[in-house]
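Heads up: the structure comes next, in structure tokens.
The values are calculated or read from the model by the stated rules, or taken from the named source; none is laboratory data. This is a predicted model, so every value here is computed, not measured. All Cβ positions, glycine included, derive from the backbone under ideal geometry; neighbour counts span all protein chains shown.
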């Protein structure tokens, strides 16, 4: 089984994941951490939360310097996404609804999917 480590880089309050998406494969694990040890709130779509074990709280608050690890319980397609916000009060307005076999990692609730190729303020 594969393990994917997602490092969230804090770029002026926007948490940019080290990858824009992760394949959803039963038995594979995904680990989240921040590059600078700062706190981050992870908001999983309801379908994403349903295929992760342990079932994540929504939001999952990743305390400063901590990691969160989950295992995928399915390989079926779904509307899988996760937002990364500075605090737990920044609930996303919407989650993508199209189905795929990837967990899409979003940088903000403005609808911009995350990843190293997304433009950020410099």
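What to note about this one:
- Breaking point among (1) over 20 Å from residue 2 (Cβ atoms); (2) assigned to a loop (DSSP other than H, G, I, E, B); (3) modelled with pLDDT of 95 or more, for residue 26: (1)
- Residue count, segment 1-23 (criterion: in contact with a strand residue (DSSP E or B) (Cβ under 9 Å, 6 or more places away or on another chain), assigned to a strand (DSSP E or B) and more than 17 Å from residue 104 (Cα to Cα)): 1
- If you go through segment 88-108 and keep only what is modelled with pLDDT of 90 or more and not in a loop (DSSP other than H, G, I, E, B), you end up with 100, 102, 103, 104, 105.
- Scan segment 31-40 for residues that are under 16 Å from residue 58 (Cβ atoms) and modelled with pLDDT of 95 or more and the total you get is 1.
- Scan of segment 60-87 for residues that are closer than 16 Å to residue 34 by Cα and not in a strand (DSSP E or B), ordered by number: 63, 64, 65, 66, 67, 86, 87
- Selection count, segment 29-54, where residues are over 20 Å from residue 18 (Cβ atoms), surrounded by fewer than 16 Cβ atoms within 10 Å (Cβ to Cβ) and in contact with a strand residue (DSSP E or B) (Cβ under 9 Å, 6 or more places away or on another chain): 3
- The residues of segment 61-75 that are at pLDDT below 95 and crowded, with 17+ Cβ neighbours inside 10 Å amount to a single one, 62.
- Consider segment 31-54 and keep the residues that are part of a loop (DSSP other than H, G, I, E, B) and in contact (Cβ under 8 Å) with a residue 24 or more places away in the chain. The one that is nearest to residue 80 (Cα to Cα) is 45.
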